[in-house]
1. With the condition kept exactly as written, say whether any residue in the stretch 147-155 is at pLDDT below 75, surrounded by fewer than 17 Cβ atoms within 10 Å (Cβ to Cβ) and over 25 Å from residue 279 (Cβ atoms).
2. Counting just the residues of the stretch 272-300 that are part of a helix (DSSP H, G or I) and surrounded by fewer than 13 Cβ atoms within 10 Å (Cβ to Cβ), which one comes out nearest to the chain's Cα centre (by Cα)?
3. Assess whether residue 44 counts as being modelled with pLDDT under 65 and surrounded by fewer than 23 Cβ atoms within 10 Å (Cβ to Cβ).
4. Would you say residue 285 is free of Cβ contacts under 8 Å to residues at least 40 places away in the same chain and closer than 16 Å to residue 135 by Cα?
5. Going residue by residue through the stretch 111-122, is there one that turns out to be under 18 Å from the mean Cα position of the chain (by Cα), at pLDDT below 85 and assigned to a helix (DSSP H, G or I)?
6. Which number in (1) surrounded by 17 or more Cβ atoms within 10 Å (Cβ to Cβ); (2) part of a helix (DSSP H, G or I); (3) modelled with pLDDT of 70 or more; (4) within 20 Å of the chain's Cα centre (by Cα) marks the one condition that residue 73 misses?
7. Can you give me the number of residues within the stretch 244-258 that are assigned to a helix (DSSP H, G or I) and crowded, with 24+ Cβ neighbours inside 10 Å?
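The values are calculated or read from the model by the stated rules, or taken from the named source; none is laboratory data. Worth saying up front: this structure is predicted, and the values here are computed from it rather than measured. Heads up, the Cβs are rebuilt from the backbone with ideal geometry, glycines too, and the neighbour counts pull from every protein chain shown.
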């Protein structure tokens, strides 16, 4: 009996070792691509970041369009800068919400590195931008209708201590690559262990059979103020464990470090909480709508 027990432990240990090994190998495969992707994004951000912020200040009532489009760029700085600009009343609450809703953090590199078809990635980005812009305009319209408009002439608190870019683009790209890779490794190991013990079919059925529940969980999960949420959601979707709409629910509510900066620089706590509630509700609603409109995205 003891022999069988020892043998079972050896088999279990070997299988868990294989799970860990495959997780490490899968993560290592991402490193070159992630580094090149972040190197390009850091170059673009260094060359155009300041101009983007200045353009935002001059956009006026059309700022939600600019915010919704610029928020798509997968970097942590713009959502943080948007929170600072809002705290200084340089941009409106609708523009900030548009930025937060369109922000995808690390989703794009993860989906690209997972060989997702370019058409499906484009659909996700366009959908996020359209929803972000429409909701941003709607929020500004409601604020103006309630006679709670905000001044747009006050100098902002524009210099945020955001994205460790003062050491150059290579350092920042390496930092991003290693940070995201660690998250990817942890999440990949977690997924593989869950699949090992629970079974892929049971796990997938649990997520797919509870669409509203899974969308709510994802929308709340997306509020985690770092890239872990977007990495996890994109990875779960890539593994076929959640629907595209569930992923979208979390990506809509996920604004990265922008949420932390918002609570740090904006003293109106009720407004901050209202913005978070809006992100969660919009994520839940339009995540469900995405699954209804594009069910083909969930066919693995």
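1. Within the stretch 147-155, one or more residues are at pLDDT below 75, surrounded by fewer than 17 Cβ atoms within 10 Å (Cβ to Cβ) and over 25 Å from residue 279 (Cβ atoms).
2. Ranking the qualifying residues of the stretch 272-300, first place goes to 277.
3. Values: modelled with pLDDT under 65: yes; surrounded by fewer than 23 Cβ atoms within 10 Å (Cβ to Cβ): yes.
So residue 44 passes the test.
4. Details: free of Cβ contacts under 8 Å to residues at least 40 places away in the same chain: yes; closer than 16 Å to residue 135 by Cα: yes.
Answer is yes for this residue.
5. yes
6. Evaluating residue 73 over (1) surrounded by 17 or more Cβ atoms within 10 Å (Cβ to Cβ); (2) part of a helix (DSSP H, G or I); (3) modelled with pLDDT of 70 or more; (4) within 20 Å of the chain's Cα centre (by Cα) leaves (2) as the failure.
7. If we filter the stretch 244-258 for residues that are assigned to a helix (DSSP H, G or I), which is where we start, we get 244-253, 258.
When the remaining residues are screened for being crowded, with 24+ Cβ neighbours inside 10 Å, the result is 245-253, 258.
So the count comes out to 10.
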